[in-house]
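This report refers to the structure that appears directly beneath it.
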Amino acid sequence: MSAVGGVIRSEIASLAAYHVQDAAGYIKLDAMENPFPLPDGLREGLATHLSKVAVNRYPDPAAVALTKALRNAMGIPKELDILLGNGSDEIIQMLAMACAKPGAKLLSVEPAFVMFKMIATFCGMTYVGVPLRAADFRLDADAMLAAITEHQPALTFLAYPNNPTGNLFDREDVRRIIRASLGLVVIDEAYFAFSSQSFLDEISQLPNAVLMRTVSKLGLAGARLGVLIGRRAWLAEVDKVRLPYNINSFTQTAATFLLENIGEFIAQTKVLVAERTAMAASLSRLFARFPGTLCFPSEANFVLIRVPDAAAVFAALKARKILVKNTSQSHTLMRDTLRITIGSPAENATFLTALTSILESQYA
Ligand SMILES: *Cc1c(COP(=O)(O)O)cnc(C)c1O
């Protein structure tokens, strides 16, 4: 056995690394990024703030200014604590590290955000995935409750809206899952800026639930900043596994300034929500002509579609320099699906024109 094979944990050796497609030169509709660049009016202010960063010093370990800006921007209730992560991915990892007793389980739905399962593996937790309903990706509440009884998960993750499906789960089902859990339930609102629903106002009434958000999909993916919102009793424990200075000085400074101007980003998300509505309507009209096609309802900044041959449509889009996410292989329920991030109005129009001619030629 080679030294590498003998040293690396077998469950890590058998993983495939998280793959990011090379996107240079493409219309990028694959990663749920905000397509709009930083508003011109904010560039100079940002430059001024960043030029004053004391880069010779460690960052503020408590990120006081940023915490205040986040609380204001998101309207986080005073009675709740917050904990910051280098992206919400890091928060998922902190939660798993803090809860990974020998044999502890992490439960989620399938299909779900892939990092739930990957991070469970990184941290030595056993992952349990409960399939969503095949027709419409609704929660199978009975199956979830049965899995909670059987597995007693330390952690349960529910993305609300869900990625990669885009839908919101039934609120009462989510509450039933929280009530039935002895462990901690994490409601992941990565797409809060695009959603008509949130648990933010309810989380203080739920003793074993916490809420996670990120500024990534809002337009600050490059800053790497996520936030966990919840009761002090939970967050104080998770905070113990946080590496000191996990939020670097540039992120603290930039995100504080940009969140003080959150109105600019809210305006962008409103355009994207309107674009999502228009995209769904255009896809429904288009898909009416082609049997076997489907557009799933979304409350996020992407739509999931089903086409008869997703691999062929993906390749044809790519040939036209449009990059989407082929989610077909991610789960049996995801067969022949593509996940399309909502782009700028011009990008969406280009996508729709391309998809129309691809379907027309494939069905001809
Ligand atoms: C994008 C995404 C995240 C990760 O966000 P970062 O803050 O960029 O790490 C977490 N959860 C869900 C459901 C996501 O789609």
Item to complete: Note down the nm distance, to one decimal, between modelled labels 7 Å out along Cα→Cβ at residue 319 and at residue 68.
Response: 5.8
Item to complete: May I ask for the net charge around residue 51, where only other residues with Cβ less than 14 Å from the Cβ of residue 51 are counted and Lys, Arg are +1 while Asp, Glu are -1?
Response: +1
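For residue 150 and residue 197, FRET efficiency with R0 = 25 Å and r from the beta-carbon atoms, rounded to 0.05?
0.30
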Worksheet, complete the sentence: So, relative contact order of region 89-248 in percent, Cα under 8 Å, 6 or more apart, is 20
Discussion item. Using the basic label-point model (7 angstrom from Cα toward the beta carbon), what is the residue 175 to residue 4 distance in nanometres?
Written reply: 5.3
Worksheet, complete the sentence: Taking a ≥ b ≥ c as the square roots of the Cα gyration tensor eigenvalues, with a/c under 1.5 meaning rounded and otherwise prolate when a/b beats b/c or oblate if not, region 122-211 comes out rounded
Discussion item. Strictly over 19 Å apart at the Cα level, which of 105/217; 217/270; 28/325; 117/217 would you flag in this model?
Written reply: 105/217; 117/217
Practice prompt. Compute the Cα gyration tensor for region 269-364, then decide on rounded, prolate or oblate, letting a ≥ b ≥ c be the square roots of its eigenvalues: rounded whenever a/c is under 1.5, prolate when a/b is larger than b/c in the other cases, and oblate in all that remain.
Written response: rounded
Item to complete: Set the Förster radius R0 to 25 Å, insert the Cβ-Cβ distance between residue 17 and residue 335 as r into 1/(1 + (r/R0)^6), and round the FRET efficiency to 0.05.
Response: 0.55
Discussion item. Which order do the peptides 94-102, 74-82 come out in when sorted by mean C-beta neighbours inside 10 angstrom, highest first?
Written reply: 94-102, 74-82
Discussion item. At R0 = 22 Å, how high is the FRET efficiency between residue 266 and residue 221 if r is their beta carbon distance? Nearest 0.05 is fine.
Written reply: 0.85
Item to complete: Report the extension gain between residue 55 and residue 309 in nm, rounded to one decimal, defined as 0.36 nm multiplied by the number of residues separating them, less their alpha carbon distance.
Response: 86.3 nm
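Show me the ranking of peptides 179-192, 288-301 by mean Cβ neighbours inside 10 Å, starting with the highest.
Final packing ranking: 179-192, 288-301.
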Fill in: Proximal aspartates and glutamates to residue 101, defined as alpha-carbon separation beneath 19 angstrom and excluding residues fewer than eight positions away on the same chain
11, 90, 150, 237, 239
Worksheet item: If one computes the Cα centroid of region 27-73 and of region 159-188, what distance in Å separates the two points?
Response: 30
Fill in: Virtual paramagnetic centre 7 Å along Cα→Cβ of residue 142, amide N under 20 Å, in region 161-177
169-177
Discussion item. Can you classify region 1-140 as rounded, prolate or oblate using the Cα gyration tensor, where a ≥ b ≥ c are the square roots of its eigenvalues, rounded means a/c under 1.5, and otherwise it's prolate if a/b beats b/c and oblate if not?
Written reply: prolate
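Each reported figure results from applying straightforward, stated rules to the coordinates on display, with no laboratory input. What you see is a predicted model, and the numbers here were worked out from it, not measured in a lab. Heads up, the Cβs are rebuilt from the backbone with ideal geometry, glycines too, and the neighbour counts pull from every protein chain shown.
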